[in-house]
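Taking it in order: structure first as structure tokens, then the write-up.
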Amino acid sequence: MIAMDLRTGVEQLGDMIAAAATIVPFTGAGISTECGIPDFRSPGGLWTRNRPIPYDEFVASQDARDESWRRRLAMEPVFAAAKPGRGHRALAALYKVGKIPAVITQNIDNLHQDSGFAADHVVELHGNTTYARCIGCDRSYDLVWAKKQFDESGVAPSCLECDQPVKTATISFGQSMPEGAMRQATELAQHCDLFLAIGSSLVVWPAAGFPVMARNCGAKLVIINNEPTEQDDIADLVIRHDIGETLGPFVGN
Ligand code: NAD
């Protein structure tokens, strides 16, 4: 059912939140647009500007690695300046009172952790871009180090231990999904009574399977997104409005 207007949607959502014992949010890039981080698919989104670099290309080509790091470092002022928005803060408030056990996110921006979620309670399906890892030995690196290497050598950084490429700790297209996060997300989706899909176009699989899974396991499904998604017809409530406006009333003090 699509909410008639924003006010009705917020009221209906409020009732569903009050009635639920366990709420699991599932977030996408749309929750972070008000924080200044562009999403992928909106006009002006990252995809309209840059073709994503698949994992095998990153591994095989120095040029691809250089381009990937050039893009990431160019975005650093945006990621570094971003602060949690109203959506993040509303979810953090519900986490604090024990309604939300953990958040499943496709986002890589660390804003759920910044809003007050313990790192263990942020299930990152697509990794995290605020640090980097060696693709060979998994050693982690901070971005200050990566930037220094890149600036000094003019090429993408390599591991100090094993000389393999260093990549942001994100999951690229063609890279296998993180098993632990997939397991945790499955567990969460199967054991909640309210599932909130927030700011995702729901076209990136397997992540987009979690709202369906939660619905099939008996949870009520709410979709908050300013444009239609392919799963609107299975949702109990669709709020087709701005996320900050919709979740702002739940931020509390
Ligand atoms: P997407 O770009 O495919 O979809 C975002 C959706 O949010 C769109 O449908 C858009 O209309 C909607 N939206 C944007 N701003 C909104 C707002 N203020 N209110 C309501 N709706 C809004 O993003 P996705 O589904 O998360 O998939 C893209 C992939 O890109 C993700 O897997 C993620 O890894 C990556 N990504 C992450 C970030 C981030 O971490 N912030 C940013 C860009 C891309």
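The values are calculated or read from the model by the stated rules, or taken from the named source; none is laboratory data. Not measured: the values here are computed from a predicted model. Please note: Cβ atoms are built from the backbone with ideal geometry, for glycine as well, and neighbour counts cover all protein chains shown. Accessible surface areas use protein heavy atoms only, side chains included; no ligands, DNA or RNA. Shrake-Rupley method; radii C 1.70, N 1.55, O 1.52, S 1.80 Å.
What to note about this one:
- Test: residue in the range 166-175 that is open to solvent by 30 Å² or more (accessible area, probe 1.4 Å) and among the basic types (Lys, Arg): no
Okay, residues lined up against (1) more than 10 Å from the ligand (Cβ to nearest atom); (2) in contact with a strand residue (DSSP E or B) (Cβ under 8 Å, 6 or more places away or on another chain); (3) part of a helix (DSSP H, G or I); (4) open to solvent by less than 30 Å² (accessible area, probe 1.4 Å):
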{"residue": "Gln12", "(1), (2), (3), (4)": "yes, yes, yes, no"}
{"residue": "Met16", "(1), (2), (3), (4)": "yes, yes, yes, no"}
{"residue": "Thr33", "(1), (2), (3), (4)": "no, no, yes, no"}
{"residue": "Ala74", "(1), (2), (3), (4)": "yes, no, yes, no"}
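- A Cβ distance below 8 Å, combined with a sequence gap of six or more or placement on separate chains, defines the contacts here; from the range 84-100, residues that are at pLDDT below 95 reach no residue that is of a type in the set (Phe, Trp, Tyr) and surrounded by fewer than 19 Cβ atoms within 10 Å (Cβ to Cβ).
- Yes/no for Asp142 being acidic (Asp, Glu) and not assigned by TED's automatic domain parsing to the domain that holds Gly9: yes
- Test: residue in the range 42-57 that is open to solvent by less than 20 Å² (accessible area, probe 1.4 Å) and away from the ligand (no atom under 11 Å from the Cβ): no
- Consider the range 203-253 and keep the residues that are charged (D, E, K, R) and within 15 Å of the ligand (Cβ to nearest atom). The one that is least open to solvent (accessible area, probe 1.4 Å) is Asp232.
- The single condition from (1) within 11 Å of the ligand (Cβ to nearest atom); (2) free of Cβ contacts under 8 Å to residues at least 40 places away in the same chain; (3) not acidic (Asp, Glu) that Gly199 fails is (2).
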